1. Which of Lys325/Lys422; Lys256/Lys488; Lys275/Lys522; Lys482/Lys519; Lys472/Lys492; Lys342/Lys492 have a Cα-Cα distance over 28 Å?
2. Just the accessible area per residue of the stretch 424-537, please: how many Å² with a 1.4 Å probe?
3. Which peptide among 503-515, 275-287 comes first, and what is the full order, when sorted by highest mean count of other Cβ atoms within 10 Å?
4. Using a 1.4 angstrom probe on the protein heavy atoms only, could you order Glu357, Glu55 from most to least accessible area?
5. Take the Cα pairs of the stretch 238-377, get the Kirkwood Rh, then feed it into Stokes-Einstein at 25 °C and 0.890 mPa s and tell me D in µm²/s.
6. Report the extension gain between Arg78 and Arg285 in nm, rounded to one decimal, defined as 0.36 nm multiplied by the number of residues separating them, less their alpha carbon distance.
7. For the stretch 303-403, with all protein chains present and a 1.4 Å probe, just round the carbon and sulfur fraction of the accessible area to a whole percent.
8. When the C-alpha atoms of the stretch 320-385 are aligned to their principal axes, what extent does each axis show, in angstrom, from largest down?
Amino acid sequence: GKLGRYPPWPGKIVNPPKDLKKPRGKKCFFVKFFGTEDHAWIKVEQLKPYHPHKEEMIKINKGKRFQQAVDAVEEFLRKTKGKDQASSHNSTEEKNRRNSSEERGKQSAGEEKRKASLSEGKVKKGTGEGKKRVSSVSSERGSKSPLKRVQDQSPRKRGRPPKDEKDLTIPESSTVKRVMTGTVAGFKWPPSVSEPVKDSDPHFHHFLLSQTEKPAVCYQAITKKLKVCEEETGSTSIQAADSTAVNGSITPTDKKIGFLGLGLMGSGIVSNLLKMGHTVTVWNRTAEKCDLFIQEGARLGRTPAEVVSTCDITFACVSDPKAAKDLVLGPSGVLQGIRPGKCYVDMSTVDADTVTELAQVIVSRGGRFLEAPVSGNQQLSNDGMLVILAAGDRGLYEDCSSCFQAMGKTSFFLGEVGNAAKMMLIVNMVQGSFMATIAEGLTLAQVTGQSQQTLLDILNQGQLASIFLDQKCQNILQGNFKPDFYLKYIQKDLRLAIALGDSVNHPTPMAAAANEVYKRAKALDQSDNDMSAVYRAYIH
């Protein structure tokens, strides 16, 4: 997780999606990196010619991924060698590309496409040490979606949006080879975007997503260095393709941050806020948990009220609805520190009624409120790879930008207070039910004489393969139920999700069945173990 230097990396300049806002300031190009399919805006002064620096790069980089990137460059060069500069393809994609290129201006083809390589941007260390890859990336999946440019600051004039990956490049014969240095912001594109969201921070790109059934409900996703803006097609998810290289360049807000609750999730969040340079004051019901963070540079708050009164934005992450209410309404609670302009962000997973009640009392005192429950576990919290679901005060959501980038890989803005609570309960309902199904399958395999390890191997080769499936099965096979997500909390979320279904007369029979199994596990003293300990409810 420490900051490091990113090595030189080969890539090529491509046309940016049409609606992507270019960073303000110095001239820069939109670059696709070989071997990763990641993209980034790179300043022109950070470009270097590819061939003269090729040997230098190879000496610096010894990794397998870099070698694959170099191989991809050489393959690209072999394919383009000998092609006539004026050659054209008969495909629709090529015609679209040529038309688009002509409209974009008089700039020579040589200026429109370059070979490139990335070096020396301050970033988190690579995939194994810092941020994990958050989605598999390929040229087919990662780049097909057309976008319209938000703000055209490049030499090219506006044209038709590219239709697929081929459209994002200028004809290969016009290659100019370059190497560049800079910070990477890799991502997978949403289908299409429009309507820029104004923002004073040049480091972020903003997009808004709208819900298919209810166009009035807007969503905003921050994917590390990206934010999202209004989506015409109704897609409601945006993922970073690779955030390994982004966190090192986060500019922390100058607002004073408070944090209440240092449990499995809160501890990792606070650690990442501190690492990224935020000023943080912490409080926890059992004060000794604060000691580690004081050593890391945090300040100590004596009560929730004191933290809120001394900080600009106070986050809280506690266990359940009762704890969330007590924290706000109890003695020396959050509400006593609220005055006009104070901001409160509740990251606890609770029901919509609870969060709506808390929002009302905070706002009645002149405060600003945002709910922001997180999807993830202790490991993802430590890695700064949580998914944040936010709703409430839109301005406060934007003010939390650097904080959300420090703690998460993606954040979504879901509209009015209560929406995030509902969505979070649905997500955890699915996860909890799936975990119970995994345990049921493993125990059924055991009692019918089948190998549990072989079952896992088979599942990992099929469409259910996932990090979650593999980790939870490994927990069970090894008998290691150290909590990554407390069993008692997933049962609480199932209970609340079932109640959510009750409130709208919607059947939740799968969740109800899973809930009974978790209740059985709790009766067997598994509450403080990982959710995978639901396995023990099946053992005769």
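1. Those over the limit are Lys256/Lys488; Lys275/Lys522; Lys342/Lys492.
2. 51 Å²
3. 275-287, 503-515
4. Sorted by accessible area, descending: Glu55, Glu357.
5. 160 µm²/s
6. 68.2 nm is the gain from fully extending Arg78 to Arg285.
7. Solvent-exposed carbon and sulfur of the stretch 303-403 make up 48 percent of the total.
8. Sorted from largest, the Cα extents of the stretch 320-385 read 36, 23, 21 Å.
The values are calculated or read from the model by the stated rules, or taken from the named source; none is laboratory data. Keep in mind the model is a prediction, meaning the values are calculated, not measured. When we count neighbours, we look across all protein chains shown, and the Cβ atoms used for this are built from the backbone with ideal geometry, even at glycine. Just so you know, the surface numbers come from the protein's heavy atoms only, side chains and all, with ligands and any DNA or RNA stripped out. Shrake-Rupley method; radii C 1.70, N 1.55, O 1.52, S 1.80 Å.
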